[in-house]
Amino acid sequence: MSTPGRTEGVVASADAGRFALFLASAVVAARFLPVWLATAALAAVAAIIAPQALQHTSWAYVLPYMTILAIAALGQMLVIMQAGIDLSTPGVISLGGNFIVGVSVGSNHRLALGILACIGLGALVGLVNGVLVGIVRLNPLIVTLAVGLIVSAWSLRYSRDVTNSIQVPEALSSWAAEKPLGISAVFWTGAAITVAVALVLRYTAAGRRFQAVGANPRAAWMAGLHVRTHVVFAYTAAGILYGVAAVLLAGIRITVDPAFGAGYLLAPIAAVVIAGASLSGGLASATSTWMAALALTFLTQMLLILGLSAAMQFVVYGAAIIVGMLVSGDRIASLLGRALRPVEATAGNHPQVDVNTS
């Protein structure tokens, strides 16, 4: 038969556990909140100094291009969740776009082969990156930069010898121009991919294991999880998402030129960092990454409407990224964690109950 002292101790312990769980949830949520507030603030500023940026014609440009950046950023997010980095993104997008026009030869009947070649290229490059980083244990910054340079070189050669600026098949450009419910089909495709990634990471056992491995590889290894396999998977999945981004970009751009994909070297990394992902691995949010891509693309559009020179656009864009990193998720979570630690300690210091007392 349980005594009153034992019952009170159990209740106090349960209350302390719930409070600690609440504090942990608050810290995690706080790291992803700044990008949402910053995007709202950016929209408010645009309404004052550049109202044209909020008009329909502006959104017709912003939504498709932010979607492409978001898809590339989701791939980068998976890599960063395993405490890595991937600089092969522009090379994959460039050669993937050239594969679409080169394999399809402008024919709608061969479009599917071109898309498969593009996505297959992304998977292959991601697999190579993953093996070199996860299995061979090479530095991810150096490896992905080197692989990206090799892929970019092949893209230039393939473009010169095969594609010669052939347009993408009409079926792809026509699909990209469609606007279900008044919004680009590219946007809806990207939104569906983002939701799928978010659901897998949050609500499936495989997604939770993926986050756990990135957050603490040693503990995951001791628990019997294959850490290196998850690293290889992260880079391979990222390459596939880069290939998808190349397909969407080709549909919007219609033609593939030598500069195709060149703008996706650092922007996806910036989006992931601003979104609040932990650079040490583990925590990240697909929806916040999507919002960060929207903010960066909208900022670029607003600067264009304001008529700033190219040099000043880079200055403002770079300053925005620096500010975003100053209020990044790691810093916010660290500050909030230190502020709440005394409160959590107080909540855990309940009077000890002598359970042996009758």
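The values are calculated or read from the model by the stated rules, or taken from the named source; none is laboratory data. Every value quoted in this text rests on a predicted model; they were computed, and no experiment measured them. Here the Cβ is made from the backbone with ideal geometry for all residues, glycine too, and neighbour counts use every protein chain on show. Only protein heavy atoms, including side chains, enter the accessible area calculation; ligands, DNA and RNA are left aside. Shrake-Rupley method; radii C 1.70, N 1.55, O 1.52, S 1.80 Å.
Values as computed for the structure displayed
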quantity: 14 Å cut-off, amide nitrogen to a point 7 angstrom out along LEU138 Cα→Cβ, residues in region 88-105; calculated: 88
quantity: Heavy atoms of LEU249 accessible to a 1.4 Å probe, total area in Å² rounded to 10; calculated: 0
quantity: Exposure rank, largest accessible area first [ARG228, ARG218; 1.4 Å]; calculated: ARG218, ARG228
quantity: Peptides ranked, highest mean first, by Cβ atoms within 10 Å: ranges 41-50, 105-114; calculated: 105-114, 41-50
quantity: ASP257 accessible area, assembled protein chains, probe 1.4 Å, Å²; calculated: 50
quantity: Per-pair calculated FRET efficiency, R0 = 56 Å: LEU113 and LEU308 via Cβ, rounded to 0.05; calculated: 0.85
quantity: In Hz, Karplus ³J(HN,Hα) per residue of region 119-136 (6.51, -1.76, 1.60; θ = phi - 60°; x = Gly, Pro); calculated: 5, x, 4, x, 5, 5, 5, x, 5, 4, 4, x, 5, 5, 7, x, 9, 7
quantity: Efficiency of FRET from Cβ geometry, LEU266 and ALA146, R₀ 25 Å, rounded to 0.05; calculated: 0.90
quantity: Label-point gap, in nm, between VAL45 and TRP221 - each point 7 angstrom along Cα→Cβ; calculated: 4.4
quantity: Full-extension gain in nm, ILE254 to ALA212, via 0.36 nm per residue minus C-alpha separation; calculated: 11.0 nm
